[in-house]
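The values are calculated or read from the model by the stated rules, or taken from the named source; none is laboratory data. These numbers come from a predicted model, not from an experiment. Quick reminder, even Gly has a Cβ in these numbers, built from the backbone with ideal geometry, and neighbours come from all protein chains shown. These area figures cover heavy atoms from the full protein model, side chains too; ligands, DNA and RNA do not enter into them. Shrake-Rupley method; radii C 1.70, N 1.55, O 1.52, S 1.80 Å.
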Amino acid sequence: MAAAEETAAAGRRNLALTAASETSKHVLTLTTAVVTVTISLAKDIVGEATPSDLLWLQLAWLAHAISVLAGVGTLLALAGTVSEGDDTTSIYSTNIRLPAALQMAFFALGLAFVVVFGVLAV
């Protein structure tokens, strides 16, 4: 029964690593989409915005850039964990949790800054 339990644990570990990877990829996609749309429409949305309003948009871009870097770090950490082949490491390892938490936090912060800009610039 021990071999079956080990196989089941390895399957759960692989599913968790895959889910973490997919989540990070989705957030990367959303982040780059927000930056692309706001930059593409910058002339239209910046129109009558004051310099202090523009600061919120610039902070949003900075937060999203940090989120992208942290997302890449998360994917690299996940790839390293998979390549180790060590069944004791998990998605809860600090090398994965830290960049993943930074990615999510800066993504949320970037969205909040875009919303604040949108409210102030209207």
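Rank by packing, highest mean first: peptides 41-53, 102-114, with packing defined as the count of other Cβ atoms within 10 Å averaged across residues.
Those peptides, ordered most packed to least, come out 102-114, 41-53.
Could you tell me whether the stretch 31-78 comes out rounded, prolate or oblate from its Cα gyration tensor? Rule is a ≥ b ≥ c as square roots of the eigenvalues, rounded for a/c under 1.5, then prolate if a/b exceeds b/c, otherwise oblate.
The shape class here is oblate.
Once label points are set 7 Å from the Cα along Cα→Cβ at both Ala101 and Val119, what is their separation, rounded to one decimal in nm?
That separation, rounded to one decimal, is 2.7 nm.
Distance from the Cα centre of the stretch 38-70 to that of the stretch 73-122, in angstrom?
For the stretch 38-70 versus the stretch 73-122, the Cα centre distance is 20 Å.
How do the peptides 2-13, 27-38 rank, highest first, by the average count of neighbouring beta carbon atoms within 10 Å per residue?
Values: 2-13: 10.2, 27-38: 16.2.
Top to bottom by mean Cβ count within 10 Å: 27-38, 2-13.
How much of the accessible area of the chain, probe 1.4 Å, is carbon plus sulfur, in whole percent?
Ligands and nucleic acids excluded, carbon and sulfur give 71 percent.
In Å², what does the accessible area per residue of the chain work out to with a 1.4 Å probe?
61
Which whole-number percent is the relative contact order of the chain (Cα, under 8 Å, 6+ apart)?
38
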